[in-house]
């Protein structure tokens, strides 16, 4: 989505600058109007295709973000001015890249820019969810409460990611060992055994089909290894490039939602993230349509993002969000039913938090059992690879021994 640079006057008639993400210039102007800003200049930011990425900068870790958010919430709640709080956090931050980011934000806030607008200038560090919730907190005078919610949300996301990575570590090690053993057998062991078999059987001996195939693969891997490497690198490059395109990302996410085991985890993580993020935005006072659009981008799956964006169009036409969600192929009926109850009672944010808690517990249980599910599968795959090589060797040897 295009990014627009703007210069505007705030409610105090002070000049402020920043960026806003919108589908076109009219939408960008309406967003600024909603923020009670009078646009003086609004133009789409030009993309610098020749820009060289900065080297040596450290990526801001989720742990740093959680600490920053929690401490800022505590200081604001204690009555410390925002600029002084930011300056204090800047001095105690060890990550130099994050320290520089906080310094720039502090200068912008000192210059009269709204805190949310200052954060919006650093999209690589602060997500649209973070910026929108801070903006709502500033407007409602509850910035400290919003920051506490953001810290909790970040911690929960980090915990789910950490559990998933730890659950996938052992299967990944097994897969690496399996491929390593297969390559060693095919490159070093199979050629020698094949030579022994051919020497004993003679050049005109008819070998089993499986043995011929395995010897052919082994010979190709030994003599044409550079072709395999080149094809592998080119394939990886083309796949990565394709996945970065909108169509490629959509097809990749469709495939992920069809995988037997991972699809279940991906769906539950997406539902939990949707429920908690949407609840936080609605609870902070962000409009329903803007909350849906921001949440859609935070899900991390193009299929679900498209469903939510279509749902936002239905909401813009006067429907309740529970109606399009009830026809969803991704969200289970319980989500739309709970959403409908929340819309009827006016407690959408509270009910969605319960939905998020439920699905996060489901994710925990599924991830805990993931290792026990994948471990035997990987062992079977390893045994099948080694067994295939052994069968292709034992067959001709047994034939030769019977002839002798």
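The values are calculated or read from the model by the stated rules, or taken from the named source; none is laboratory data. The model shown is predicted, which means the values in this text are computed figures rather than measured ones. Positions of Cβ are generated from backbone atoms using ideal geometry, with glycine treated the same way; all protein chains shown enter the neighbour counts.
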Checking residue 191 against (1) closer than 30 Å to residue 392 by Cα; (2) surrounded by 20 or more Cβ atoms within 10 Å (Cβ to Cβ), which single condition isn't satisfied?
(2)
Of all residues in region 81-99 being assigned to a helix (DSSP H, G or I) and free of Cβ contacts under 8 Å to residues at least 12 places away in the same chain, which is nearest to residue 62 (Cα to Cα)?
99
Could you please let me know if residue 156 is under 46 Å from the mean Cα position of the chain (by Cα) and closer than 30 Å to residue 136 by Cβ?
yes
Can you name the number of the only condition in (1) crowded, with 19+ Cβ neighbours inside 10 Å; (2) under 16 Å from the mean Cα position of the chain (by Cα); (3) modelled with pLDDT of 85 or more that residue 266 fails?
(3)
Restricting to region 146-160, give me the number of residues that are without any contact (Cβ under 8 Å) to a residue 24 or more places away in the chain and either touching a helix residue (DSSP H, G or I) at 6+ places or on another chain (Cβ under 8 Å) or over 24 Å from residue 115 (Cα atoms) (or both).
1
Exactly one condition in (1) surrounded by 11 or more Cβ atoms within 10 Å (Cβ to Cβ); (2) in contact (Cβ under 8 Å) with a residue 24 or more places away in the chain; (3) under 32 Å from the mean Cα position of the chain (by Cα) is not met by residue 246; state its number.
(1)
Positions within region 325-360 being farther than 16 Å from residue 304 by Cβ and modelled with pLDDT under 85, in sequence order:
360
Every residue in region 101-129 that is assigned to a helix (DSSP H, G or I), farther than 25 Å from residue 13 by Cα and in contact (Cβ under 8 Å) with a residue 40 or more places away in the chain, please.
101, 128, 129
